[in-house]
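Report on the structure given below.
The values are calculated or read from the model by the stated rules, or taken from the named source; none is laboratory data. These numbers come from a predicted model, not from an experiment. Quick reminder, even Gly has a Cβ in these numbers, built from the backbone with ideal geometry, and neighbours come from all protein chains shown. SASA here: full protein model, heavy atoms, side chains in, ligands and nucleic acids out. Shrake-Rupley method; radii C 1.70, N 1.55, O 1.52, S 1.80 Å.
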Amino acid sequence: MAEGSVIGQSTVVRGNVRGEGSLEIFGRVDGDVSVTGDVTLGENASVRGDVNGARLTIGGTVTGDLRGTEAVVLERTAQVTGDIIAPRLGIEEGALVRGGIRMDAPTGSGRAQSDRRPAPRAEAPRPAARPAAPPPSAPAQKKQPPAPVVPAFRGLTAKKKKVRGR
């Protein structure tokens, strides 16, 4: 791939797409997409496979996992069925996601994923302990449990009982 490639609106790709640089998809891809640069998926575009890239901007439909090494942004028209893995995630109101979300540290840190440990944090000096407060003079009122939830049944009517003559 060159600096940036485009899959047009009327184009259908059956198979995996791999390469260097960025990619814009406005058509349909039936296969995995894996590029070193950014991936932009147009509003009417669809991908049936995993999408991997630096920064993923999704406006269309993806049935597969999303993995962004920098970030994943879901626009309001996005529909994703699959897991999302990225160090940063943005989801506009209206976007639909069905899958898991995992936010990992950026992969450019040079450390292996399993070798990551949180950096030690400097703690602020703690203030001297305060003496315990005396118990309140007024007795505390007991909290009442919430009312039980009763499911509503619609469309059911009570049957009248027949009265037998004496």
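If I model a spin label at A105 and D83 as a point 7 Å from the Cα along the Cα→Cβ vector, what separation in nanometres do I get?
The two pseudo-label positions are separated by 2.0 nm.
Between beta-carbons, use under 11 Å as the cut-off and find the net charge around D65, counting Lys and Arg +1, Asp and Glu -1.
Details: positive: R67, R102; negative: D32, D50, D83.
So the environment of D65 carries a net charge of -1.
Note down, for the range 1-41, the three equivalent ellipsoid semi-axes (square root of 5 times each alpha carbon gyration tensor eigenvalue), biggest first, whole angstrom.
Details: eigenvalues 47, 26, 11 Å².
Ellipsoid half-lengths, sorted descending, are 15, 11, 8 Å.
Could you provide, to the nearest whole Å², the per residue accessible area of the range 11-58 with probe 1.4 Å?
Accessible surface, normalised per residue, equals 45 Å².
Summing Lys, Arg as +1 and Asp, Glu as -1, what charge do residues with Cβ under 11 Å from the Cβ of G37 carry, G37 excluded? Provide the component values of the computation, followed by the final result.
Details: positive: R55; negative: E3, E20, E24, D38, E70.
So the surrounding residues net to -4.
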